[in-house]
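As structure tokens, the structure follows; a few thoughts come after it.
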Amino acid sequence: MSAIITVAPTGPIATKSDNPTLPTQPDEIAAAVESAYHVGASIAHIHLRDEQDRPTADLDIARRTIDLIAQRCPILIQLSTGVGLSVPFEEREKLVELRPRMATLNPCSMSFGAGEFSNPPDGVRRLAARMQELGVKPELEIYDTGHLDACLRLRDAGLLEEPLQFSIVLGVVGGAAATADNLMTIVRRLPADAAWQIIAIGKANLDLTAMGLALGGNARAGMEDVLYLRKGEPTRGNEPLVARTVRLVEALDRTVASVAEAEATLGLQSY
Ligand code: KMH
Ligand code: ZN
């Protein structure tokens, strides 16, 4: 099956002082997404920053960013409801009211580096139910094996529609380490019809992305996950990371999914 590439142009943590090519403002994010789309990305995973570049769930900034992206290209927009550790869950969950085609759903609270990532069980169930009502496809972000079980319980409670879509996030301090063993342990336990990708943070990014593609998974690329192309070589924007992922897909004799193929594979609702 063709490989869906998601671009994650900016996350909640890195700043322009870490890499000056990091897009943070709506117009910068939209430009980065457009160039990633032209290289092969069909989904854009979006975090928002305020005017001071702090993570935000501000609905006006979200609307402006979505509109700017939509004016430039037909990529599928996946809003992050993870947003950033400093933003309360109750603000983060409101982002799905904008009805993006997809949004992330983080099933469990956890330590996250030096901070805490709060995803309380009642809030997660409420958000899953609201996404179902609105037809927003959840991307289930699982950082450890127990997070997969939490998602399967949500499915069994009728709060998630199949096929489930997983991001297996490895390498977060507080989650499972970025090792091939951990990837295999989780992949073996996914439902047979699930779509999935690996998100490997930091220096294991390239190897584990290649491994995920070789195993039939999808791929994510971008400056949320890695700021360097290789040791000592900071990436100049998101496009080189997406282009490298396209080369991996092609080297494995797979094809890169179009937006229409991604919509069909993930069973996205159209509206
Ligand atoms: N960086 C974390 C707060 C998401 O996008 O939903 C986790 C995160 C997950 O970025
Ligand atoms: Zn994210």
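The values are calculated or read from the model by the stated rules, or taken from the named source; none is laboratory data. Computed from a predicted structure; not experimentally measured. Positions of Cβ are generated from backbone atoms using ideal geometry, with glycine treated the same way; all protein chains shown enter the neighbour counts. Note: accessible area is taken over every heavy atom of the protein model, side chains too, but ligands, DNA and RNA are not part of it. Shrake-Rupley method; radii C 1.70, N 1.55, O 1.52, S 1.80 Å.
How do the pairs read when you match residues in the range 98-120 that are touching a residue at least 12 places away in the same chain (Cβ under 8 Å) with residues anywhere that are small (Gly, Ala, Ser) and within 11 Å of ligand 1 (Cβ to nearest atom), using Cβ under 7 Å and keeping only pairs 6 or more apart or on different chains?
Thr104/Ser80; Thr104/Gly82; Asn106/Gly82; Met110/Gly174; Met110/Gly175; Ser111/Gly174; Phe112/Gly174; Gly113/Gly174
Select, from Arg99, Arg125, the only residue that is of a type in the set (D, E, K, R) and either more than 19 Å from the chain's Cα centre (by Cα) or open to solvent by less than 10 Å² (accessible area, probe 1.4 Å) (or both).
Arg125
Residues in the range 27-39: is at least one of a type outside the set (A, V, I, L, M, F, W, C), closer than 26 Å to Asn119 by Cβ and more than 13 Å from ligand 1 (Cβ to nearest atom)?
no
For Thr104, state whether it is polar (S, T, N, Q) and within 15 Å of ligand 2 (Cβ to nearest atom).
yes
Can you tell me which residue is farthest from ligand 2 (Cβ to nearest atom) among those in the range 57-80 that are in a loop (DSSP other than H, G, I, E, B) and more than 26 Å from Val39 (Cα to Cα)?
Asp58
How about the range 188-205: which of its residues are at pLDDT 95 or above and open to solvent by 30 Å² or more (accessible area, probe 1.4 Å)?
Arg188, Arg189, Ala192, Asp193
Just give me the residues in the range 32-48 being surrounded by fewer than 22 Cβ atoms within 10 Å (Cβ to Cβ) and aliphatic (A, V, I, L, M), in sequence order.
Val39
Counting only residues that are open to solvent by 30 Å² or more (accessible area, probe 1.4 Å), outside any strand (DSSP E or B) and under 16 Å from Ala8 (Cα atoms), how many does the range 228-242 have?
Total meeting the criteria: 3.
Residues of the range 54-76 being within 22 Å of Phe117 (Cβ to Cβ), among the hydrophobic types (A, V, I, L, M, F, W, C) and either more than 16 Å from ligand 1 (Cβ to nearest atom) or open to solvent by 20 Å² or more (accessible area, probe 1.4 Å) (or both), which ones?
Selection gives Leu59 alone.
Step by step: first the residues of the range 3-23, then only those that are within 14 Å of ligand 2 (Cβ to nearest atom) and farther than 16 Å from Glu239 by Cβ, then the one that is most open to solvent (accessible area, probe 1.4 Å). Which residue is that?
Out of the qualifying residues, it is Ile13.
Which ones in the range 131-151 are open to solvent by less than 30 Å² (accessible area, probe 1.4 Å), within 22 Å of Val172 (Cα to Cα) and either touching a Cys at 6+ places or on another chain (Cβ under 6 Å) or away from ligand 2 (no atom under 16 Å from the Cβ) (or both)?
Leu140, His147, Leu148, Ala150, Cys151
If you scan the range 20-44, which residues turn out to be in contact with a strand residue (DSSP E or B) (Cβ under 6 Å, 6 or more places away or on another chain) and either more than 18 Å from Ser258 (Cα to Cα) or aromatic (Phe, Trp, Tyr) (or both)?
If the condition is that a residue be in contact with a strand residue (DSSP E or B) (Cβ under 6 Å, 6 or more places away or on another chain) and either more than 18 Å from Ser258 (Cα to Cα) or aromatic (Phe, Trp, Tyr) (or both), then Thr24 is the only one that fits.
Looking at the structure I just gave you, is Leu164 buried (at least 16 other Cβ atoms within 10 Å of the Cβ), farther than 22 Å from Ala8 by Cα and modelled with pLDDT of 95 or more?
Judged against the criteria, Leu164 is not a match.
Does any residue of the range 9-23 turn out to be under 23 Å from Val173 (Cβ atoms) and touching a helix residue (DSSP H, G or I) at 6+ places or on another chain (Cβ under 6 Å)?
Taking every residue of the range 9-23 in turn, at least one turns out to be under 23 Å from Val173 (Cβ atoms) and touching a helix residue (DSSP H, G or I) at 6+ places or on another chain (Cβ under 6 Å).
Can you report the number of residues in the range 206-225 which are crowded, with 21+ Cβ neighbours inside 10 Å and among the hydrophobic types (A, V, I, L, M, F, W, C)?
Result for the range 206-225: 5.
Any idea which of Glu28, Glu51, Glu90 is open to solvent by 60 Å² or more (accessible area, probe 1.4 Å) and part of a loop (DSSP other than H, G, I, E, B)?
The conditions single out Glu51.
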